[in-house]
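The following block contains the structure, expressed as structure tokens.
The numbers here are math on the coordinates, done by the rules we state, and not lab data. Remember, it's a predicted structure, so these values are computed and weren't measured experimentally. Here the Cβ is made from the backbone with ideal geometry for all residues, glycine too, and neighbour counts use every protein chain on show.
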Amino acid sequence: MAPDARPELSPEILPHGLDGLLVRFSLSPDPRAMAAVQRLAADLSDRPPEGSVEIAPALVSCLLRFDPARTRPEALEADLLARARAALVDGAPLAPRRRWTLPTAFGGAAGPELEPIARQMGLTPDQAIAQICGTDLAVLAIGFAPGQPYLGLLPEGWNLPRLPDLVPEVPAGAVVVALRQIVIFGNPSPTGWRQVGRMAFRSFWPDRAEPMPLAPGDAIRLVPVPADRIAALEAEPDGMGGATCEAPA
Amino acid sequence: MTALILDAVSGLLSVQDMGRPGHLARGLSRGGAMDRLALIEAAALLASPAPLPAIEMAGAGGRFRAGAPLWLALTGAPMRAALDGRPVPWNATLRLEPGAVLTIGAAEQGMLGYLTPAGGIAGPGWLGSRAAHLNIGIGAPLAAGAVLPCGPDPAPQRGPRLIRPLPRFAGGTLRLIDGPQTDLFAPEERAAFLAATFHRAPRSNRQAIALDGPRPFRAEGARQLAGGLASDVIGPGDVQMAGEGVPTVLMAECQTIGGYPRIGTILPDDLPRLAQTPPGGTVRFQHLTLAEGRAVHRSEETLLREARTRTGPLIRDPSTMPDLLAYSLISGVVRGNEAD
């Protein structure tokens, strides 16, 4: 791999309210920072520091909430800084706890932006689909709405800017791309991202035993299926859209 | 099990408790009451060991009846309340007999009143909480005709009590600590923000409260980032500058991740004051260091212990007092908003 010309990242530990500490690897969406957050969040979940109450990763930062009655922030800061530095240098791939497969229809009415994007990248639509479905994605963070994942990262060619104007509405289940990431919308939403596909999986379904089934760090693969298969899966009562989840023994 | 019957609704009413913490990683904010102190004061009045699910009433209340004798507490923004047409005190407990009609009108000060049955609002919860989270379609605003089951009163032989509320119903000073993005604002921008006077904008809801100020406030440090500012974990109390530099304070139903730069965070102790500031009401910010913030902060457990010391028995029968609102009902206990 060619040496990276970008400046080295230096993690910061910052106060976040009275009972939170934020580990921030970068202010901008830097892929190295995203990878470090994934490793740090996995480490914090596996070995929670004494007194920690909640761990919530965003794209390039991770919040740790603590119980002030059970720990001193000064002690936590030193621990977090050491873990953050280790997460930054540790290049070993993560072993995700769960692997999801999510059936997705691409192109046509299900993904009106697939063809223009493929053309822009010099690919056929099928090649573009193969790149998306050939990528081992991870849930980088969940936000904007309950359960709604930011997935990444797609190959470099998918570093597409947001649209200059918002699309007034994409439907529930829309699979949209920008900035090497994929978002799956749980509800009809306006977006500045570009819709390449649609799935029957709903990331937020209040009446389900697991209303928000995806968790940060989960591994995700999209698999292409015909549009009529999505319509059939949408008729199922659980909003899981044919998703399968495999937890390694 | 008794029930509270809602015959008419005049404000935005929803069932609220202390929310459902612990789901930030899955994109769900805590939610719950906008004025958490009002639920704490209700718990103190009702001698409950913890806050109970209540009805949050934004702007005005409605008309209520009970299916069986029901003790309840009225806290938060003082609203004009009457039992069968006779005024009853706010910041007090009240026994609602079957057949009697409790009318709760508009807020006289503040924004949000709370009606808490002594056994709490019962019924099925979601993820361990009874709170409506309107922004994501969990629960819904209460409509006329609603019948709300109430939990059993652990002490039905109780007597009427009053509480002297912590003043918070007419704007004032909000204490602000630095957050992870404060440094994105130039020192002179921060100084101008702290020197400014703001008015609560009409455009606000359970998700966020916008503030009208003298000018926009910009995060120059965010604009200079070549790769743009990445979205970050946000929470209630964060003061973010929306697109045009308008300060917007995140409240109970905020999102969990957001991309606007945040100049700081309001102490949780002062969020009830902001929630209760009516549109047009004036607020200013006072900067505290993190150490100062931690020193003055009181946990909700401490607030409940302290609130119990502000309660006392109601020694006169309000139904015999024609001009009830003019009375100081117990020694040292007044209506509580005089000093605001």
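In whole percent, what relative contact order does chain A give with Cα contacts below 8 Å and a gap of six or more residues?
Relative contact order, chain A: 20 percent.
Under 5 Å between amide hydrogens, which residues at least 5 positions from A:Gly143 or on another chain qualify, with H placed 1.01 Å from N in the peptide plane?
Amide H to amide H, under 5 Å and 5 or more residues apart or across chains, A:Gly143 pairs with A:Gln148, A:Tyr150.
What distance in nm separates the simple spin-label points at B:Leu225 and A:Ala95, each placed 7 Å from Cα in the Cβ direction?
3.4 nm
Using the Cα atoms as the points, what is the convex hull volume per residue of the range A:99-246 in Å³? Could the numbers behind the result be given before it?
Working: hull volume 14.5 nm³, N = 148.
Here the figure is 98 Å³ per residue.
Report ³J(HN,Hα) in whole Hz for each residue of the range B:52-60, in order, from the Karplus equation J = 6.51 cos²θ - 1.76 cosθ + 1.60 where θ = phi - 60°; Gly and Pro get x.
With the stated coefficients, the range B:52-60 comes to 10, x, 9, 9, 8, 10, 8, x, 7 Hz.
Please state, to two decimals, what the Cα-based radius of gyration of the range B:75-159 comes to when divided by 2.2 N^0.38 Å (N = residues).
Working: Rg = 14.5 Å, N = 85, 2.2 N^0.38 = 11.9 Å.
Rg over 2.2 N^0.38 Å, computed on Cα atoms: 1.22.
log10 I(q)/I(0), Debye, Cα-only the protein assembly as shown, no solvent, q = 0.07, 0.09 Å⁻¹?
Per q value, in the given order, log10 I(q)/I(0) is -0.47, -0.76.
Let me know the mean shielding of B:245-257 by other chains, meaning the per-residue number of their Cβ atoms within 10 Å of its Cβ.
Mean inter-chain Cβ contacts per residue within 10 Å come to 2.
Assigning unit charges at the beta carbon (Lys, Arg +1; Asp, Glu -1) and nothing else, what dipole magnitude in debye, to the nearest 20, does chain B show about its Cα centre?
Details: 32 positive and 29 negative charges, 76 e Å.
Dipole about the Cα centre, nearest 20: 360 debye.
Report, by chain and number, residues whose modeled amide H sits under 5 Å from the one on B:Gly62, excluding near sequence neighbours (fewer than 5 apart, same chain).
Under 5 Å from the amide H of B:Gly62 lie the amide H atoms of B:Ser10, B:Ile104, each far enough along the sequence or on another chain.
Give me the compactness ratio for chain A, meaning the Cα radius of gyration over 2.2 N^0.38 Å.
Numbers: Rg = 19.0 Å, N = 249, 2.2 N^0.38 = 17.9 Å.
Taking N as the residue count of chain A, the ratio is 1.06.
Other chains near A:55-63: what is the mean number of their Cβ atoms within 10 Å of each residue's Cβ? Provide the component values of the computation, followed by the final result.
Details: counts 2, 10, 4, 11, 6, 5, 6, 2, 9.
Counting other chains' Cβ atoms within 10 Å and averaging over A:55-63 gives 6.
May I ask you to work out the translational diffusion coefficient for the range B:103-236 at 4 °C, viscosity 1.567 mPa s, via Stokes-Einstein with Rh from the Kirkwood sum over Cα pairs, reported in whole µm²/s? Each step should come with its number before you reach the end.
Working: Rh = 20.0 Å.
The estimated diffusion coefficient comes to 65 µm²/s.
Just to be sure I follow the definition: excluding the sites themselves, where is the longest run in chain A that has none of the GluC sites (Glu not before Pro) in a DSSP loop with at most 14 other Cβ atoms within 10 Å? Present the calculation step by step, with values, prior to reporting the outcome.
Values: sites that count: A:Glu8, A:Glu50.
In short, A:51-249.
How high is the relative contact order of the range A:3-89, given as a whole-number percent (alpha carbon pairs under 8 Å, six or more residues apart)? Intermediate results must be reported in sequence, preceding the final value.
Details: 136 pairs, mean separation 28.9, N = 87.
33 percent.
Shifting gears a bit: Taking Cα pairs under 8 Å and at least six residues apart, what relative contact order does the range A:99-246 come out at, in percent? Mind dumping the intermediate values first?
Working: 349 pairs, mean separation 51.2, N = 148.
Here the relative contact order equals 35 percent.
Pop out the ³J(HN,Hα) list for the range A:122-137 in order, Karplus 6.51 cos²θ - 1.76 cosθ + 1.60 with θ = phi - 60°, rounded to Hz; leave Gly and Pro as x.
My calculation for the range A:122-137 gives x, 10, 7, x, 5, 5, 5, 4, 4, 5, 5, 6, x, 8, 6, 8 Hz in order.
Apply the Karplus parameterisation 6.51 cos²θ - 1.76 cosθ + 1.60, with θ equal to phi minus 60°, to every residue of the range B:7-23 and state each ³J(HN,Hα) to the nearest whole Hz, in sequence, with x for glycine and proline.
7, 8, 10, 10, x, 8, 10, 8, 7, 9, 10, 7, x, 10, x, x, 10
Shielding of B:177-188 by partners, i.e. mean partner chain Cβ atoms within 10 Å per residue?
Numbers: counts 3, 2, 6, 14, 5, 2, 3, 1, 0, 0, 0, 0.
Mean inter-chain Cβ contacts per residue within 10 Å come to 3.
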